[in-house]
């Protein structure tokens, strides 16, 4: 079976040493060996998050952690403002609607930047919780966490930030940004297999969660807090995935977050330079507080190409890229630069794209 190069925004290619870690023999999840592994995973994640807050790995994907954040915090009296300019910002809104009737969405067109003035006006209602996606992979835009964090703090609201595709690829100093709950997924910039997520939770929010009598059972963060103090998880963890995450975090610590962030920045800039030199245009629109994503580049579909022609053409050359989602299907394609990929993989992907464009003899639009 030919190995294909994954250039999608998760799952990402996984290093052999991380895959090997998954094949370790099973161990008792209440034993000393797992306790040691769990402590090291938590401490390494805290270092990457740049937080002093408690940190809880979950056996579930990023959406599991998004729902855990909302379900533990929100009851039907809680007011929530969701800031959205893409698919995953809207997902927070869809989750929040299941737990409270008092949800307001500050919506921007997909690919458009967040306008702080509009956010500021909405927050005058003094919501209890504000949610935002830091790195919106559906559109390739990095949203202004620092600025929104300041606005949220001014209104004494809880700031929940989806960092699923930014932590591990961007410098995300969670505490400095004023983030009360930050979320990451294993199969994105951390470079591990899918199936785990983690969230950091401030002491203030833990107290609010304790007061919520309608917390979920399996994703009860207070149960996770009680178990964390015993160096355990409350329920059976996905052991092979924990082995892999432990190894993936060791890779990150060895590389150093400063170097890793710079590598992600350099590779995404390489993609942007290459695709524009091929005559293609970038999808997201920026303003003074937004940036192009370090971890995924969203590109307008070249004129004369269908989604299948471009993605299918690249796959026949051994490279898998992502298309647009929902209303952007057929209008954009996305090329990720996440995890442990190098300049070599990016060059392979760019070469495949150039060949597909040349074979069709269609000028990019």
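The values are calculated or read from the model by the stated rules, or taken from the named source; none is laboratory data. Keep in mind it's a predicted model, so treat the numbers as computed, not measured. Every residue, glycine among them, receives a Cβ derived from its backbone with ideal geometry; neighbour counts consider all protein chains shown.
It is to be established whether one or more residues within the range 278-285 are at pLDDT 95 or above, in a helix (DSSP H, G or I) and more than 23 Å from the chain's Cα centre (by Cα). Write out each step before concluding.
To start, the set of residues in the range 278-285 that are at pLDDT 95 or above comprises 278-285.
Add one more test, that the residue is in a helix (DSSP H, G or I), and what stays is none.
Scanning the range 278-285, I find no residue that is at pLDDT 95 or above, in a helix (DSSP H, G or I) and more than 23 Å from the chain's Cα centre (by Cα), so the answer is no.
Do we have any residue at all in the range 314-321 that's farther than 21 Å from residue 194 by Cβ, assigned by TED's automatic domain parsing to the domain that holds residue 260 and either modelled with pLDDT under 95 or outside any helix (DSSP H, G or I) (or both)?
Yes; the residues of the range 314-321 include at least one that is farther than 21 Å from residue 194 by Cβ, assigned by TED's automatic domain parsing to the domain that holds residue 260 and either modelled with pLDDT under 95 or outside any helix (DSSP H, G or I) (or both).
In this structure, does residue 88 turn out to be part of a helix (DSSP H, G or I) and either under 30 Å from residue 311 (Cα atoms) or in contact (Cβ under 8 Å) with a residue 60 or more places away in the chain (or both)?
Working: part of a helix (DSSP H, G or I): yes; either under 30 Å from residue 311 (Cα atoms) or in contact (Cβ under 8 Å) with a residue 60 or more places away in the chain (or both): yes.
The answer is yes for residue 88.
So, in the range 230-245, exactly how many residues are buried (at least 19 other Cβ atoms within 10 Å of the Cβ) and assigned to a helix (DSSP H, G or I)?
Final tally of qualifying residues: 5.
Please verify whether the range 27-49 includes one or more residues that are in contact (Cβ under 8 Å) with a residue 12 or more places away in the chain and more than 30 Å from residue 207 (Cβ to Cβ).
Yes, some residue in the range 27-49 is in contact (Cβ under 8 Å) with a residue 12 or more places away in the chain and more than 30 Å from residue 207 (Cβ to Cβ).
Considering only residues that are part of a loop (DSSP other than H, G, I, E, B) and crowded, with 18+ Cβ neighbours inside 10 Å, which ones fall in the range 286-313? Quick ask: steps written out before the conclusion?
We begin by selecting, within the range 286-313, every residue part of a loop (DSSP other than H, G, I, E, B); these are 286-290, 293-295, 301-306.
Within the range 286-313, 290, 293, 294, 295, 301, 302, 305 qualify.
When you look at residue 160, is it out of contact with any helix residue (DSSP H, G or I) (no Cβ under 7 Å at 6 or more places or on another chain), assigned by TED's automatic domain parsing to the domain that holds residue 236, modelled with pLDDT of 95 or more and not in a loop (DSSP other than H, G, I, E, B), yes or no? Walk me through how you get there before you give the answer.
Numbers: out of contact with any helix residue (DSSP H, G or I) (no Cβ under 7 Å at 6 or more places or on another chain): no; assigned by TED's automatic domain parsing to the domain that holds residue 236: yes; modelled with pLDDT of 95 or more: yes; not in a loop (DSSP other than H, G, I, E, B): yes.
No, not satisfied.
Tell me which of these residue 330 doesn't satisfy, since it passes every other one: (1) free of Cβ contacts under 8 Å to residues at least 60 places away in the same chain; (2) surrounded by fewer than 21 Cβ atoms within 10 Å (Cβ to Cβ); (3) touching a strand residue (DSSP E or B) at 6+ places or on another chain (Cβ under 8 Å); (4) part of a helix (DSSP H, G or I).
(4)
Going by the structure shown, is residue 190 within 13 Å of the chain's Cα centre (by Cα), closer than 23 Å to residue 75 by Cα and surrounded by 23 or more Cβ atoms within 10 Å (Cβ to Cβ)?
On the way: within 13 Å of the chain's Cα centre (by Cα): yes; closer than 23 Å to residue 75 by Cα: no; surrounded by 23 or more Cβ atoms within 10 Å (Cβ to Cβ): yes.
The answer is no for residue 190.
Does residue 341 qualify as being closer than 17 Å to residue 4 by Cα, outside the structural domain of residue 90 (by TED's automatic domain parsing) and part of a strand (DSSP E or B)? Explain how you work it out, then say what you get.
Values: closer than 17 Å to residue 4 by Cα: yes; outside the structural domain of residue 90 (by TED's automatic domain parsing): yes; part of a strand (DSSP E or B): no.
No.
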